[in-house]
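To start, the structure itself, in structure tokens.
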Amino acid sequence: MRLAGVRTSWRTVGDGDFFCPACGGDRSYRRRNGRRRFVLLGVPLLTRGTVPPVLECAACRGHFGTESLDHPTSYRLAALLREAVHTIALTVLTAGGCESRTARETAVATVRDAGFTECTEDRLMTLLAALRAERALAGSVTAEIELHEALAPLAPHLAAAGRESLLLHGARIALADGQYQAAERAALEAVGRSLRIDEDEVDRLLTQAARTPS
């Protein structure tokens with residue numbers, strides 16, 4: 001038994017769910033603040049300052065910095081992916097594909113495959129009409145800002161292949177009724193920028209998609 005030493009006493013100040021780096025999955029956590037104390041014969045005597053707050057995993061009991069909350073849970077990541085595909089589909093249709101039944105059907109199938117299983121053409125067109133009316137008043141700059149807000153939070157958590165796959169979802173919708181229209185191409189380039197894909201790589205991917213038989 002140690003006669004004297006410095007120990008950290010922890011106090012729980014909150015809880016929630018996070019992606020545990022040690023467990024490799026979604027877990028509950030307790031947010032804990034710590035205070036260091038000098039202990040003599042098991043009796044705390046002097047305060048030696050505080051330590052940075054930590055997240056304590058309810059499963060493995062590991063302690064992790066609060067920056068771990070920057071990584072989305074698996075559930076949140078899946079939701080971000082669904083929203084990204086939905087946003088890209090609407091963006092491409094708004095740019096010029098809404099008049100084509102083939103493009104609309106491709107968009108609905110793409111959104112359903114992403115997880116919105118109740119998506120129908122009527123629902124998508126209702127959203128599209130509202131979006132086009134809003135963007136007609138706001139302008140193209142505002143439209144790209146909205147696109148960036150939907151896609152940028154997801155981009156850091158995806159590998160290059162994942163970001164490219166999202167861009168190609170939009171390309172397939174645009175190509176469903178023929179070659180890219182100028183507005184569709186511009187919309188897809190904006191998607192690429194929001195996903196942090198290099199401009200030359202965006203051009204290569206879109207060109208390759210246009211040459212690949214559907």
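Annotations
- Computed over the chain, the per-residue total of -39500 (n - 2.57) for DSSP H runs of n ≥ 4 gives a 222 nm mean residue ellipticity of -16000 deg cm²/dmol, rounded to 500.
- Accessible surface, the chain, averaged per residue in Å² (probe 1.4 Å): 57 Å²
- Evaluating 6.51 cos²θ - 1.76 cosθ + 1.60 at θ = phi - 60° for every residue in the stretch 17-29, the Karplus couplings come out as 10, 8, 8, 6, x, 7, 6, x, x, 6, 9, 7, 9 Hz, glycine and proline recorded as x.
- Rounded to 10°, Cα long-axis angle of helix 199-211 versus longest principal axis of the chain: 50 degrees
- Using only alpha carbons, the stretch 94-214 has a radius of gyration to Kirkwood radius ratio (Rg to Rh) of 0.94.
- Against the chain, whose longest principal axis comes from its Cα atoms, helix 121-138 is set at around 90 degrees.
- With R₀ set to 35 Å, the beta-carbon distance separating A160 from W10 gives a calculated FRET efficiency near 0.30.
- In this Cβ point-charge picture (+1 for Lys and Arg, -1 for Asp and Glu), the chain has a dipole of about 1820 debye about its Cα centre.
- A viscosity of 0.890 mPa s and a temperature of 25 °C, combined with the Kirkwood radius over Cα pairs in Stokes-Einstein, give a translational diffusion coefficient for the chain of 121 µm²/s.
- Calculated from backbone phi, Karplus (6.51, -1.76, 1.60) coupling profile of the stretch 59-73 in Hz, x at Gly/Pro: 8, 8, 6, x, 10, 9, x, 5, 5, 4, 6, 5, 8, x, 5
- Among Q179, L69, L167 - extreme Cα towards positive end, dipole of the chain, charges at beta-carbon: L69
- Interchain or long-range residues, amide H under 5 Å from L158's placed H: none
- The stretch 1-118 - percent of accessible surface contributed by carbon and sulfur, probe 1.4 Å: 50 percent
- Folded to 0 to 90 degrees: helix 140-151 orientation relative to the chain principal axis, Cα: 50 degrees
The values are calculated or read from the model by the stated rules, or taken from the named source; none is laboratory data. In this text, all values refer to a predicted model and were calculated from it rather than measured experimentally. Cβ sites come from the backbone with ideal geometry, for glycine too, and all protein chains shown count toward neighbours. Heavy atoms of the whole protein, side chains included, go into the accessibility calculation; ligands, DNA and RNA do not. Shrake-Rupley method; radii C 1.70, N 1.55, O 1.52, S 1.80 Å.
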